[in-house]
Amino acid sequence: SLSLSPLMAAFGGASSAHARGLLEKVEAFVCDHVIPAEAVFQQQQEDAGPAERWSTVPPIVEELKAKAQQQGLWNLFLPDVCKLTQLEYAPLAEIMGRSPLASEAFNCSAPDTGNMEVLHLYGSAEQKQQWLEPLLAGKIRSCFCMTEPGVASSDATNMATTITRQGDSYVINGRKWWSSGAGDPRCKVAIVMGQTKSPSAPRHRQHSMVLVPMDAPGVRKIRPLTVFGYDDAPHGHLEVHFDNVKVPASNLILGEGRGFEIAQGRLGPGRIHHCMRLIGIAERCLELMCARAATRVAFGKQLMRHGSVLQDIAQSRLDIDAARLVVLNAAHCIDTKGTKKARSAIGQAKIVCPRMACQIADRAIQVHGGAGVCQDFPLAYAYVAARTLRIADGPDEVHLASLGKTELKAQHAKLSKL
């Protein structure tokens, strides 16, 4: 059980009765419904067979969504809908992180959350009616197409995909990959980022975002990419090509050259949601590690009696609690300063949390031995999820470079006053 009050007190605030009630409900729902559904999901995928893995969604997913919606546990990530601050939402997202099925059950899963934030903040009335409303209702899903195979996408200004105005339309040409969610048969729309070339514009005002229906002529799903061997069907992480895809000019979001402006809004709250969930992943790994250490005997004594295992357990608790404070600080900064001024705190969370969760999953795997790397436990998948986010959330090196510059600037400002 996770108490909000002591955590809030550390940041000078108190959780609302509304937030405390939601936390209790979410925790109970994940424990009673979501985690038991993991085996059902796996069995339903196996029963569907290889030919159906990409064309059908295991029925248990929609069953969980219906139950959560009936309980009012829906769209919890969006402050204007659920009336939660980022600081109040953080523990809820942590609980969701305990299972790969949980976030979608509450309609709080990536990339839909980020896309819904974009449409909510920047979308036109027409865009909201056509795409945001069905997304908020959980009737469709979406994907976000930004990363490209032909360039170093850690520098997003390298994007080669073009979004060209032709009369009352825009024409999109380019190749994207790691378009998470594009494999889902419920995925009906993509937010595509690309160049709307304007030679006189500054470097970060030459890119735009546009809404592209997945059934538009010229949209081609090339292949699903595997992540350490996992294909994550039917969600998937696809390579998608856009060959002369024409959409109405009204599909452009906010305006030409506003892509990076939108991205900063999208990548703030939405990206620390990943960090919040990683705390939950790490907690579950630690629980499994402790249970294994208490029930297995090696060299005449329980694993938990071996000094090295005790050290791993203790270090894992220290690492989780330290990382949680980093995440809560980032959430607090977003609430009190806004996303732009919270960039340093957000960067810290993106560096610390994936590293922490990856290390704890690795320790848990080691304690489980061969069982840790097979499908009988969620540890291998947890390791993959955490390790991947050290790239997917922006490479560690980019965050470290930015954080280093910010720290130097702050230190130099102090020195100049001496």
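The values are calculated or read from the model by the stated rules, or taken from the named source; none is laboratory data. Since the structure is predicted, the reported quantities are computational estimates derived from the model, not experimental observations. Glycine gets a Cβ as well: all are built from the backbone with ideal geometry, and neighbour counts include every protein chain shown. Keep in mind that these areas ignore ligands, DNA and RNA; they rest on the heavy atoms of the full protein, side chains included. Shrake-Rupley method; radii C 1.70, N 1.55, O 1.52, S 1.80 Å.
Things to note:
- If the condition is being surrounded by fewer than 16 Cβ atoms within 10 Å (Cβ to Cβ) and among the hydrophobic types (A, V, I, L, M, F, W, C), then region 217-233 contributes Ile222, Phe228.
- Looking only at region 55-92, and only at residues there that are small (Gly, Ala, Ser) and surrounded by fewer than 16 Cβ atoms within 10 Å (Cβ to Cβ), the one that is nearest to Gly338 (Cα to Cα): Gly72
- Search result, residues across region 127-163 that are touching a residue at least 60 places away in the same chain (Cβ under 8 Å), of a type outside the set (Gly, Ala, Ser) and farther than 26 Å from Asp243 by Cα: Leu136
- Filter result for Val212 (within 23 Å of the chain's Cα centre (by Cα), open to solvent by 10 Å² or more (accessible area, probe 1.4 Å) and β-branched (Val, Ile, Thr)): no
- Total residues in region 308-328, condition open to solvent by less than 50 Å² (accessible area, probe 1.4 Å) and either among the polar types (S, T, N, Q) or modelled with pLDDT under 90 (or both): 1
- Apart from one condition, Ile279 fits all of (1) in a helix (DSSP H, G or I); (2) modelled with pLDDT of 95 or more; (3) in contact with a strand residue (DSSP E or B) (Cβ under 6 Å, 6 or more places away or on another chain); the exception is (3).
- Taking the conditions (1) in contact with a Phe, Trp or Tyr (Cβ under 9 Å, 6 or more places away or on another chain); (2) surrounded by 18 or more Cβ atoms within 10 Å (Cβ to Cβ) in turn, Thr336 satisfies each one other than (2).
- Between Leu135, Leu121, the distinction of being open to solvent by less than 10 Å² (accessible area, probe 1.4 Å) and not in a strand (DSSP E or B) belongs to Leu135 only.
- Ser250 vs. criteria among the hydroxyl-bearing types (Ser, Thr, Tyr) and at pLDDT below 95: no
So that you can scan it fast, the table gives a plain yes or no per residue for (1) more than 30 Å from Glu94 (Cα to Cα); (2) crowded, with 20+ Cβ neighbours inside 10 Å:
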residue: Asp243; (1), (2): yes, no
residue: Arg258; (1), (2): yes, no
residue: His274; (1), (2): no, yes
residue: Leu278; (1), (2): no, yes
residue: Ile281; (1), (2): no, yes
residue: Cys285; (1), (2): no, yes
residue: Met289; (1), (2): no, yes
residue: Thr295; (1), (2): no, no
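- Across region 46-62, a minimum of one residue is classified as modelled with pLDDT of 95 or more, assigned to a helix (DSSP H, G or I), under 22 Å from the mean Cα position of the chain (by Cα) and of a type outside the set (A, V, I, L, M).
- Of residues in region 298-350 being assigned to a helix (DSSP H, G or I) and of a type in the set (Val, Ile, Thr), the one farthest from Glu407 (Cα to Cα): Val309
- All positions within region 73-105 that are under 24 Å from Asn329 (Cβ atoms), outside any helix (DSSP H, G or I) and not polar (S, T, N, Q): Leu76, Phe77, Leu78, Lys83, Leu84, Gly97, Arg98
- Selection status of Arg98, within 21 Å of Asp321 (Cα to Cα), of a type in the set (D, E, K, R) and open to solvent by less than 60 Å² (accessible area, probe 1.4 Å): yes
- Qualifying residue in region 192-203 (condition: in a strand (DSSP E or B) and without any contact (Cβ under 8 Å) to a residue 24 or more places away in the chain): no
- Scanning region 334-379 for residues that are closer than 21 Å to His273 by Cα, among the aliphatic types (A, V, I, L, M) and in contact with a Cys (Cβ under 7 Å, 6 or more places away or on another chain) returns Ala342, Ala345, Ala349, Ile360, Ala361, Leu379.
- Scanning region 155-176 turns up no residue that is open to solvent by 40 Å² or more (accessible area, probe 1.4 Å), within 19 Å of the chain's Cα centre (by Cα) and of a type outside the set (Lys, Arg).
- Cross-chain or 6+ apart pairs with Cβ under 7 Å, region 177-188 first and modelled with pLDDT of 95 or more and crowded, with 23+ Cβ neighbours inside 10 Å, then assigned to a strand (DSSP E or B) and of a type in the set (Val, Ile, Thr): Ser179/Val240; Ala182/Val240
- Gly300 vs. criteria open to solvent by less than 60 Å² (accessible area, probe 1.4 Å) and of a type in the set (Gly, Ala, Ser): no
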